[in-house]
1. For the stretch 100-116 and the stretch 118-142, compute the distance between their C-alpha centroids and round to whole Å.
2. Give, as ranges by residue number, the residues of the stretch 410-449 whose backbone N falls under 20 Å from the point 7 Å along Cα→Cβ of L389.
3. Starting with the highest mean, order 546-553, 388-395 by the number of other Cβ atoms within 10 Å, averaged over the residues of each peptide.
4. Below 12 Å, Cα to Cα, which aspartates and glutamates can K554 reach? Residues fewer than 8 away in the same chain don't count.
5. Are there GluC sites (Glu not before Pro) in the stretch 199-245 that DSSP marks as loop and that have at most 16 other Cβ atoms within 10 Å, and which are they?
6. Between N316 and E703, what length in nm is gained on full extension when 0.36 nm per residue of separation is reduced by their alpha carbon distance?
7. What translational diffusion coefficient, to the nearest whole µm²/s, does the chain have by Stokes-Einstein, given a Kirkwood radius computed over alpha-carbon pairs, a temperature of 20 °C and 1.002 mPa s viscosity?
8. Could you tell me which of L140, L438, L516 has its Cα farthest along the dipole of the chain towards the positive end, charges placed at Cβ (Lys, Arg +1; Asp, Glu -1), taken about the Cα centre?
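The values are calculated or read from the model by the stated rules, or taken from the named source; none is laboratory data. The structure presented is a predicted model; accordingly, all values stated were derived computationally and were not measured. All Cβ positions, even for glycine, are placed from backbone atoms using ideal geometry, and neighbour counts span all protein chains on display. The protein model used for the area step is the full one, side chains on, heavy atoms only, and it has no ligands, DNA or RNA in it. Shrake-Rupley method; radii C 1.70, N 1.55, O 1.52, S 1.80 Å.
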Amino acid sequence: MAEKTWDQTPLTPSCARALNDKIYEKRKAAALEIERLVKELAQTGETEQIMKLVNVLSRDFALSSNPNSRKGGLIGLAATAIGLGKDIALFLPQLIKPALSCLSDQDKKNRYYACEALYNIVKVARGCVLQHFNSVFCELVNLASDPDLDVKNGSELLDRLMKDIVTESNSFDVVNFIPNLRDRIHATNSYTRQFLISWVTTLDSVPDINMLQFLQEILDGMLLMLGDENKEIRKMCESQLDIFLQEIKASPSDVDFPSMVNILTFHSQSTVELIQLTAITWLREFVNLAGRSMLFFASSLLTAVLPCLAIYGRDNVKEVAKAVNQNLMRLVTTEDDKDDDESKKEEKQVEGSLHTNSIKVSSSLPPKIKLEIAPVVEVLLKHLHQQSLMQTKIAVLRWIYHLHLKTPRKIFQHVEQIFPVLLETLSDVSDEVVLLDLEVLSEVVSSSNGPQSEVGFQPKPIPGTNIYFTKFMISLLDLFCKDSQLLEDRGFFIIRQLCLLLKLEDVFRSLSEILLEKEDLKFATKMVQTLNTILLTSTELFGLRNQLKELKTKEICSLFSCLYKTWCHNPVATVSLCFLTQNYKHASDIIFYFGELEVTVDFLTEIDKLIQLLESPIFTYLRLQLLDGENNQYLVKSLYALLMLLPQSTAFSVLRHRLDCIPSRESLPKTKNLKQGIGKKEEDSRKSIDFVELFQHFKNLREKHSNAKHSRGKNLDKVHI
């Protein structure tokens, strides 16, 4: 059958036999004869005969099951290509197809000969081969990782030739090629990766090819290559990515920013430091280049950078992430708090900001620049709510605070989501996080953009605050009630900071009113003890102590009455409040009422602490007033009453020694200067205080405590039985 086929072609039987010979020299001689024959046929224009010859060399030789025939067919096809010269275009598909098929031959020698044949065919065809570029490229990708060194060397020669052709051509169809490259860019073999990077570099070097337009197609795979074990591959890839980044800076209009941001966001969480650093660095440049346009991707950018701010052992990544975060935060302005109708009026001005330094921003970016608050809040709360590290939480809190300053109206639309998470954060182990959390909460509860009233909400909001002020105080006390350790560890810290951040009179009034309604009397007692200690000792409350000491205005007298009613949960705290406000007669009445109360060890311990406070600088004025015992009889009487309550302890000795220092009336000169300094105005304001009512309230609350304690005792007895 083969002989009959040969009879129909210019191929002689002797030449056909030589092509089938296992000896290379005989096959080569046959190839030379074929080359001569094809040249003659080409000169005489016998195209049909040449086509018959090519078909036979392909079907009966190159694609034969006989290894020697395949070798002969390949060298024959190469000889045909050489013989055709410039006339090769018509026969190129029939010449290339069998050669490409043999590149995947199981015999390594056949693969090598296929490389050689294809090299000769391509060398003759030059630019014509670009029509078959994708097919050749696919086979070259496979050969890049071929286990045989000769085959690999042969494929490299062919590869260089193809690159030369592409580089010198102005008709390479890069659009048709990119999907091919994209499908293979995720290869994991090091040799394949090296091959692919070399092609990316080659294409990017061609002036007529703009690879930036297709960068989003290959960026993911290239970033993954930065994690290759081969140092040379990492270096090649890093170098090319640096080149791309410089090109982006020069021509940002050619970049598909949305697709790029998504890819970079994903790789910003890579466990490979070089990948992560590269992704974050690119995001930093994107923010710098596109300006407010990047607010469209604010949630994605925050997802990328927030975890990196607390990353351990990668200082470079952390610093770049910090820059991205700060630059993005600067882009948020009061303009983002406006409605769409308002922003339309200034749209032209905003668009003008996109052309900073004469850089044209990519048309792939949204035409309207607007910060979408909802997805940003979702990302922020996710990182604050979960077990994120301290630096990440700090960054999140700063973002929430910044949004309250720049977009207060819009951020308050999400306050119901934000508020509970901020309250939970008060239990964080980091003082810095808690401090910043309190700043954010203070901004929320004092903002004029928050709702000022709510139907049925009790107690009523304090003037100058929104309803979240009272909600916050209620939630804070509930938090302390549920977590006694938090109250013990952080109670002083939290309340003192609130007094710095908010109007401290409002803080104490609000806490006092809420505590008065608390059913948990034990907690209320402990909380009053905490608040009383803060009131009497904290430097932040120096001004309030002075106001309470004098009680000059009706407003401060009203605050005293409010505090008094709540302080009645703790009898000793009530006495200290009376001492602070110079209400000595009332203090005396309360102390003498102590005789009707159950005196426990805890009760005596609190009196002991009060004696220590009386010896502190806070009560210097009180000790000086002891010199004027004639006008401060109730003060002296109160202190003696406390002395009588105390067992003979250290506190007893301290107070007794202090009282022993009071001079007799005869030993003091008669002078008005020693009289306590409560003038007529202060006396008038104090008249607004109904001490009879307050004392009755004190008795009622003590009775309530006694009944509650008696009830608990009965329950314990029942359990014991």
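1. Centre-to-centre distance over Cα atoms comes out at 15 Å.
2. 428-437
3. Highest mean packing first, the order is 388-395, 546-553.
4. E682, E683, D684
5. On the way: sites: E217, E229, E232, E238; in loops: E229.
Those satisfying the criteria are E229.
6. On the way: separation 387, 0.36 × 387 = 139.32 nm, distance 6.54 nm.
Full-extension gain reported as 132.8 nm.
7. Approximately 63 µm²/s, per Stokes-Einstein.
8. L516
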